[in-house]
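Take a look at the structure set out below.
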Amino acid sequence: MPGPYLTVFAVAGLVAALSLRETAGSALLRPEDMPENAPEDVSEAAAAEVRRAVPHKVDCDTDRPAQGSRMTAPVGFTLVQLRYFLVAAERGSMTEASAELHIAQSAVSAAIHNLERDLQAQLFIRRRGRGLTLTPAGERLQQQARDLLARAREVEREARGEGETISGPVAVGCFVTLAPYYLPHLFSECTGRYPGIEIDVVEAETDQLVHALAAGRIDFALTYHLGLSAEADLRSETIARALAYVIVPADHPLAGQGSVELAELSTEPLVLLDLPHSRDYFRALVAATGTAPDVRYRTRSYETVRSLVARGLGYSVLNQRPATSQTYGGGEIAELQLRDASPLEVRIASLEGVTQTARARAVMDLLREIAAARSTEA
């Protein structure tokens, strides 16, 4: 049965590579051959020394017939090199990368030099005194390297028998107005089911979340569909739909109607939730009635919108519904269903082609459950 044996060898190879994270680092540190003040463009001799220091490094010759299965065919780089490359890319400096990795700068420079030679591609533009800038090839490799290292760590845990317990960090981006409705439930459920998972949250607007995804600062984002359609490198999944509704002061003449058309409020001032993409959505809803919205007040705070409306300063259109009609300022608002308004889609967005870790997939599943529960309650 060759399949299982090949799998074992493949797993063993990845685990061996990861186990060299520290040992290879110490092997790469050759003070007698590569001094701390070595230039960033290290000599070929120093680079060759580093290559000899990593015993699991083999060259990939595409012109030579593969020995055995392609699953165990050698590759021309190491996980250690990818790790050094990622740290240097994030820091933008060989010096800062070496400080974070606790190894000599010359070792980092040599490892990246070898990686560029093995891949036959320049990954950085080096300007003395101005640090490192990723080339287009380097930008492509950056995300691929993150994905490969994350998968390798999963293989390592599985091989060590640690796969049954999902643990580790998950970086989640969340649209600012969705955070109060999803994050408390997410933290509570995750603590109970996966106590080993550490969730780190970035609360931001859609454009900032997209940038964080592209930069690799978050694993995935929970956001509205607004602003995502133009991003070809993203994939997204709709997990909920949020219907638009109107809020008016509790003593408003229409407060007891239950539902309303925006045309009925065309003569009243609009309190606008002034966030990118969201503002265009709300304005379009009003404009669809054939009238121009009279935006009297605008704010980027969801709760400030509610408090201004409660004070009788206008009406507003929102999508997420709090559990109470009370506002922070002590006022009260009335919610009216908005007839014939298209809902906003709540989506989980991630980079196309990136394989999520087991822990990230577990957090995604929790968000799907929370979204389904909220839809049932509504």
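Between A334 and V248, A250, the built amide H atoms are under 5 Å apart, and every one of these is 5 or more places off in sequence or on another chain.
Extension gain for the segment R361 to D207, taken as residue separation times 0.36 nm less the Cα-Cα distance, is 53.1 nm to one decimal. Remark on Y224: its backbone amide H falls under 5 Å from those of R347, a criterion applied only to residues 5 or more positions apart or on other chains, H modelled at 1.01 Å from N. Share of carbon and sulfur in the accessible area of segment 222-378 stands at 47%, probe radius 1.4 Å.
Averaging the sequence gap over all C-alpha pairs within less than 8 Å and six or more residues apart, then dividing by the number of residues, gives segment 264-378 a relative contact order of 22 percent.
Take the alpha carbon gyration tensor of segment 233-378, find the square roots of its eigenvalues, order them as a ≥ b ≥ c, and report rounded if a/c is under 1.5; if not, report prolate when a/b exceeds b/c, else oblate. Prolate shape, in that a/c is at least 1.5 and a/b is the bigger ratio. Between G76 and C60, the built amide H atoms are under 5 Å apart, and every one of these is 5 or more places off in sequence or on another chain. Rounded, prolate or oblate: pick one for segment 74-146, where a ≥ b ≥ c are the square roots of the eigenvalues of its C-alpha gyration tensor, a/c under 1.5 means rounded, and failing that, prolate if a/b is larger than b/c, else oblate. It is oblate, given that a/c is not under 1.5 and a/b is not larger than b/c. Distance between the pseudo-spin-label points of E237 and E90 (7 Å out from Cα toward the beta carbon): 2.6 nm. Model label sites at S188 and A323, defined 7 Å from Cα along the beta-carbon direction, differ in position by 0.6 nm.
For the pair R153 and R311 in one chain, pulling the backbone fully straight at 0.36 nm per residue adds 51.4 nm over the alpha carbon distance. Centre-to-centre, using Cα atoms only, segment 312-378 and segment 227-294 are separated by 14 Å.
Measuring r between the beta carbons of S167 and D280 and using R0 = 41 Å, the FRET efficiency lands at 0.50. Length available on full extension from R368 to A263: 0.36 nm per residue minus the Cα-Cα distance, which gives 34.3 nm.
The values are calculated or read from the model by the stated rules, or taken from the named source; none is laboratory data. Predicted, not measured: the structure shown is a model, and the values here were computed from it. Ideal geometry is used to build each Cβ from the backbone, glycine not excepted, and the neighbour counts take in all protein chains shown. SASA here: full protein model, heavy atoms, side chains in, ligands and nucleic acids out. Shrake-Rupley method; radii C 1.70, N 1.55, O 1.52, S 1.80 Å.
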